[in-house]
Amino acid sequence: EPEVTQTPSHQVTQMGQEVILRCVPISNHLYFYWYRQILGQKVEFLVSFYNNEISEKSEIFDDQFSVERPDGSNFTLKIRSTKLEDSAMYFCASSEAGLGTYEQYFGPGTRLTVT
Amino acid sequence: SQKIEQNSEALNIQEGKTATLTCNYTNYSPAYLQWYRQDPGRGPVFLLLIRENEKEKRKERLKVTFDTTLKQSLFHITASQPADSATYLCALGDSTLTFGKGTMLLVSP
C-alpha cells in the first residue's frame with residue numbers, strides 16, 4: 001500500500017539554525033500539507049500546497065517557514081532560524097484533492113528538537 | 001474562532017464493550033467531518049468521513065454520527081479490542097483540517 005515517507009525521523013538542531021524536513025507524498029496525490037504537533041497538544045495545520053504553490057497557510061506559518069517541491073517526488077519544509085518553541089513533531093500529509101471530502105494520508109513524522 | 005472539543009479524560013472500557021467518543025464543535029458549519037486514529041509517536045491514520053447531509057456512516061466495527069443541529073459527532077467502536085487502544089481525533093474542514101485534541105481510549109482485556 002502506498003504511504004507517505006518522511007526523513008529524518010529525528011532532527012536535533014541548535015537555536016538559530018536552519019532545518020529542512022523532507023517528505024515524499026503518495027505519487028498520484030495532488031495536495032500536500034504540513035502539520036505540527038507540540039508534545040501533548042493537538043495536531044495543528046501549517047500549510048497546504050497545490051500546483052507548485054501555497055494554497056492556504058495558518059498564522060503559525062510565518063516568514064521563518066517555507067515549503068518547496070524541488071522535484072517530482074519530494075516536498076520540503078524549511079525553518080530558517082529555529083526557535084525553542086519550534087520543537088515538535090512535524091507531519092507531512094497528502095491527499096488526492098483538496099476538498100475535505102478526501103482523506104489525508106499522514107507520514108510517520110519528524111521529531112524536531114531545538115536546543 | 002472555530003473550536004473543537006473532545007473529552008480530554010481517557011476512556012477506559014473492557015474488551016467486547018462499545019466505546020463511544022464525542023466531538024463537539026462551535027463557531028463552524030463544516031461540510032465534512034473526519035475521524036482519525038493516532039498511536040503514540042505516529043502520524044494520524046484516517047478512519048471515517050461523514051458529510052453534513054449524512055446522519056450516520058459505518059465501516060466494519062466503526063460507526064460515526066453527525067448532528068449538525070447539535071454540532072456534535074459521535075464515534076462508536078463496537079466489540080472493542082485491546083488493539084483499539086489509541087487516541088482518536090476528530091477533524092473538521094472543507095479544505096484544510098482543524099483537529100481536536102483527541103480522546104485516548106484504553107481497552108483492557
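Checking B:Leu49 against (1) over 11 Å from the mean Cα position of the chain (by Cα); (2) open to solvent by less than 50 Å² (accessible area, probe 1.4 Å); (3) within 14 Å of another protein chain (Cβ to nearest Cβ), which single condition isn't satisfied? Unmet for B:Leu49, out of (1) over 11 Å from the mean Cα position of the chain (by Cα); (2) open to solvent by less than 50 Å² (accessible area, probe 1.4 Å); (3) within 14 Å of another protein chain (Cβ to nearest Cβ): (1). Listed conditions (1) surrounded by 19 or more Cβ atoms within 10 Å (Cβ to Cβ); (2) among the hydroxyl-bearing types (Ser, Thr, Tyr); (3) modelled with pLDDT under 95 are all met by A:Tyr90, apart from (3). Filtered by the rule that a residue be part of a loop (DSSP other than H, G, I, E, B) and within 12 Å of another protein chain (Cβ to nearest Cβ), the range A:61-90 gives a lone residue, A:Phe61. Selection over the range A:93-115 of residues that are within 12 Å of chain B (Cβ to nearest Cβ), surrounded by fewer than 21 Cβ atoms within 10 Å (Cβ to Cβ) and at pLDDT 95 or above gives a count of 2. Being closer than 24 Å to A:Gly40 by Cβ, more than 14 Å from chain A (Cβ to nearest Cβ) and part of a strand (DSSP E or B) is a property that does not hold for B:Thr65. Among the criteria (1) buried (at least 21 other Cβ atoms within 10 Å of the Cβ); (2) within 14 Å of chain A (Cβ to nearest Cβ), the one B:Ile77 does not fulfil is (2). Suppose the filter is away from chain B (no Cβ under 11 Å) and within 16 Å of A:Ala93 (Cα to Cα); does A:Ile26 pass it? Yes. Restricting attention to the range B:1-37, the residues that are more than 19 Å from B:Thr65 (Cβ to Cβ), outside any strand (DSSP E or B) and within 16 Å of the chain's Cα centre (by Cα) add up to 3. Name every residue in the range B:47-73 that is of a type in the set (A, V, I, L, M, F, W, C) and over 19 Å from A:Gln104 (Cα atoms), in order of residue number. Matches in the range B:47-73: B:Phe66, B:Leu70. Restricting the first member to the range B:80-103 and to residues that are facing another protein chain (nearest Cβ under 7 Å) and under 26 Å from A:Ile54 (Cβ atoms), and the second to residues that are part of a strand (DSSP E or B) and small (Gly, Ala, Ser), the beta-carbon pairs closer than 6 Å and six or more apart or on different chains are B:Thr96/A:Ser48; B:Leu97/B:Ala91; B:Phe99/B:Ala91. When the residues of the range A:53-87 are filtered to those that are under 15 Å from A:Val24 (Cα atoms) and of a type in the set (Val, Ile, Thr), the one that is least open to solvent (accessible area, probe 1.4 Å) is A:Thr76. All conditions but one from (1) farther than 28 Å from A:Ser48 by Cβ; (2) surrounded by 14 or more Cβ atoms within 10 Å (Cβ to Cβ) apply to B:Glu60; the one that does not is (2).
Taking the listed residues A:Tyr31, A:Tyr50, the one that is over 29 Å from B:Glu9 (Cα atoms), touching a Gly at 6+ places or on another chain (Cβ under 7 Å) and open to solvent by 60 Å² or more (accessible area, probe 1.4 Å) is A:Tyr50, with no other qualifying.
The values are calculated or read from the model by the stated rules, or taken from the named source; none is laboratory data. Keep in mind the model is a prediction, meaning the values are calculated, not measured. Here the Cβ is made from the backbone with ideal geometry for all residues, glycine too, and neighbour counts use every protein chain on show. Heavy atoms of the whole protein, side chains included, go into the accessibility calculation; ligands, DNA and RNA do not. Shrake-Rupley method; radii C 1.70, N 1.55, O 1.52, S 1.80 Å.
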